[in-house]
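Data first, discussion second: the structure below is written as structure tokens.
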Amino acid sequence: MSLPPQQWQPSLGQRPLRGGGLLGRRTVPRVVLSGEARFDGAMFAGVARFGETAFSGPARFDGATFSGPARFGRATFSGRTRFSQATFTSGAGLRDTAFSGEARFSETAFSGTAQFKGATFSEAALFGGATFSGTARSGSARFSGTARFRSAASPGPPSSTVRASPVPPSSARPPSSATPTSAERPSEAEPGSTRRPSGVGPASAV
């Protein structure tokens, strides 16, 4: 379902968005978008402001291109949300954003800062094949469902790695007082056997 024209504030001579169109500076202040919001292949030429917007149904941004900063801070997504193969060239702000349904960012390209601090994911969060060429921040983000980052690439510094939970302790075993091997410990005598030093022949009869 396309968004009602009256919910958009055209500026800079741009027309209201229809999927695949070009959009200049956009502001969607605290509105509720009912039904399915589809922005597949849309091109956002300026700042895309969706802060505090409530998406009551599914939201699709598959293949969308955000040339300017994309701001979704404190937005709420009640249905399934898709940003698959979307491109964020100037950062993605999703701080304190709430995803109640599945959130899919498969093969999404993030440049600049990808801000996920305080975001909540109630269902699956899928980032398979996503790339982060800048800094990704996910401190205090909460993942209640499955979080998949398989094949997600982050060529930046270690701090830019997106994680679903605190880093688990290293699996490498620290040096410990390992149990001596059989070669290192003296063999235990079998019941009833006589132990004697190596190289000593049988005891001679007295």
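A short reminder: the numbers here are calculations on the coordinates, not readings from a lab. These figures come from a predicted structure and were not determined experimentally. Glycine gets a Cβ as well: all are built from the backbone with ideal geometry, and neighbour counts include every protein chain shown.
Treating only the Cβ atoms of Lys and Arg (+1) and Asp and Glu (-1) as charged, compute the dipole magnitude of segment 21-150 about its Cα centre; round to the nearest 20 debye. Each step should come with its number before you reach the end.
Numbers: 17 positive and 8 negative charges, 58 e Å.
Charge dipole of segment 21-150: 280 debye, to the nearest 20.
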Query raised in the report: What residues qualify as long-range amide H neighbours of Leu33, i.e. H under 5 Å apart, gap of 5 or more or another chain, H built at 1.01 Å from N?
Result: Ala54, Phe55, Ser56
Requested in this report: Note down, for segment 37-86, the three equivalent ellipsoid semi-axes (square root of 5 times each alpha carbon gyration tensor eigenvalue), biggest first, whole angstrom.
Outcome: 17, 14, 7
Query raised in the report: If each residue's Cβ is checked for other Cβ atoms within 10 Å, how do Thr97, Thr76 rank with the fewest at the top?
Result: Thr76, Thr97
Requested in this report: Please compute the net charge surrounding Thr120, taking Lys and Arg as +1 and Asp and Glu as -1 over other residues with Cβ under 12 Å from its Cβ.
Outcome: +2
Query - Residues with amide H under 5 Å from that of Ala147, placed H, sequence gap 5 or more - result: Ala125
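Rounded if a/c is under 1.5, else prolate if a/b is larger than b/c, else oblate: which is segment 21-150, with a ≥ b ≥ c the root eigenvalues of its Cα gyration tensor? Walk me through the numbers before you get to the answer.
Numbers: a/c = 1.38, a/b = 1.11, b/c = 1.25.
Because its axes are fairly even, with a/c under 1.5, segment 21-150 counts as rounded.
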Query raised in the report: In sequence order, what are the phi-derived ³J(HN,Hα) couplings for segment 31-45 according to the Karplus relation 6.51 cos²θ - 1.76 cosθ + 1.60 with θ = phi - 60°, rounded to whole Hz, with x for glycine and proline?
Result: 9, 10, 9, 8, x, 8, 9, 10, 10, 4, x, 5, 10, 9, 7
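Net charge near Arg74, counting Lys/Arg +1 and Asp/Glu -1 over other residues with Cβ under 9 Å of its Cβ? All intermediate terms of the calculation are to be shown ahead of the outcome.
On the way: positive: Arg95; negative: Glu52, Asp96.
Residues close to Arg74 contribute a combined charge of -1.
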Query raised in the report: Quick one: Karplus J couplings for segment 58-65, per residue in order, coefficients 6.51, -1.76, 1.60, θ = phi - 60°, nearest Hz, x for Gly and Pro?
Result: x, 10, 10, 10, 4, x, 6, 10
Report task. Please work out the Cα center distance from segment 84-121 to segment 59-73, rounded to the nearest Å. Result -> 9
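Net charge near Ala103: determine it from the other residues with C-beta under 9 Å of the C-beta of Ala103, scoring Lys and Arg +1 and Asp and Glu -1.
+1
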